[in-house]
Amino acid sequence: MGVALLAVRAGNDVFGSGHGAFAHALAMWFQPAAFMLCGVAVLLRAWRGDQRAPWVLLGTGLTLYASGSVYFNLASASGDPLGFPSAADAVWLSLYPLAYASLGALLHRRFAHMRVAVWLDGLIGGGVVAAIVAAFVFNSVFDVSVVGGAAGA
């Protein structure tokens, strides 16, 4: 099902004109459908095996992210912009702590013999990488996306 959805999207991008009702519907609903399919697949993975909790967390996060996109598409269909922050933003942001908890649970199970100091080293290393990326990437992104101190379109 996911491969068929991806093939339809790729076919429309390569051969489609980008106009019309089908192209509009595909542009609006491809991303929620893809995240929902991924979320359902991960939740089905949780049914088998002994590591249910991490997969339930990740599947729930992906499904909630898709639900936020569905809400956003339906709420903004009338043409009125949603307020910021909206309920869609809250649901979208729920993916990150759920994915982090899922990854932490999977890593903890695989590396249960590691001490807290090793986990702390990993957290510090991740913070250093994030700081380096922020130093080099954020300014160029802000130059493109921020105009006169406000977010640009």
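Here the helices (runs of 4 or more DSSP H) wholly within segment 1-89 that include at least 2 residues being of a type in the set (A, V, I, L, M, F, W, C), modelled with pLDDT of 90 or more and open to solvent by 40 Å² or more (accessible area, probe 1.4 Å) are 21-47, 52-75. Each residue in segment 92-117 was checked for being surrounded by 11 or more Cβ atoms within 10 Å (Cβ to Cβ), aliphatic (A, V, I, L, M) and part of a helix (DSSP H, G or I), and 9 pass.
Quick one: which of 95, 106 is at pLDDT 90 or above and among the hydrophobic types (A, V, I, L, M, F, W, C)?
So the residue among 95, 106 that is at pLDDT 90 or above and among the hydrophobic types (A, V, I, L, M, F, W, C) is 95.
Give all pairs with beta carbons closer than 7 Å in which a residue from segment 57-84 that is under 27 Å from residue 106 (Cα atoms) meets a residue that is surrounded by 19 or more Cβ atoms within 10 Å (Cβ to Cβ) and of a type in the set (S, T, N, Q); count only pairs at least 6 apart in sequence or on separate chains. Note: pairs meeting the criteria are 57/102; 58/102.
The values are calculated or read from the model by the stated rules, or taken from the named source; none is laboratory data. Keep in mind that this is a model prediction, so the values were computed, not measured. Glycine gets a Cβ as well: all are built from the backbone with ideal geometry, and neighbour counts include every protein chain shown. Just the protein is used for accessible areas: all its heavy atoms, side chains included, with ligands, DNA and RNA removed. Shrake-Rupley method; radii C 1.70, N 1.55, O 1.52, S 1.80 Å.
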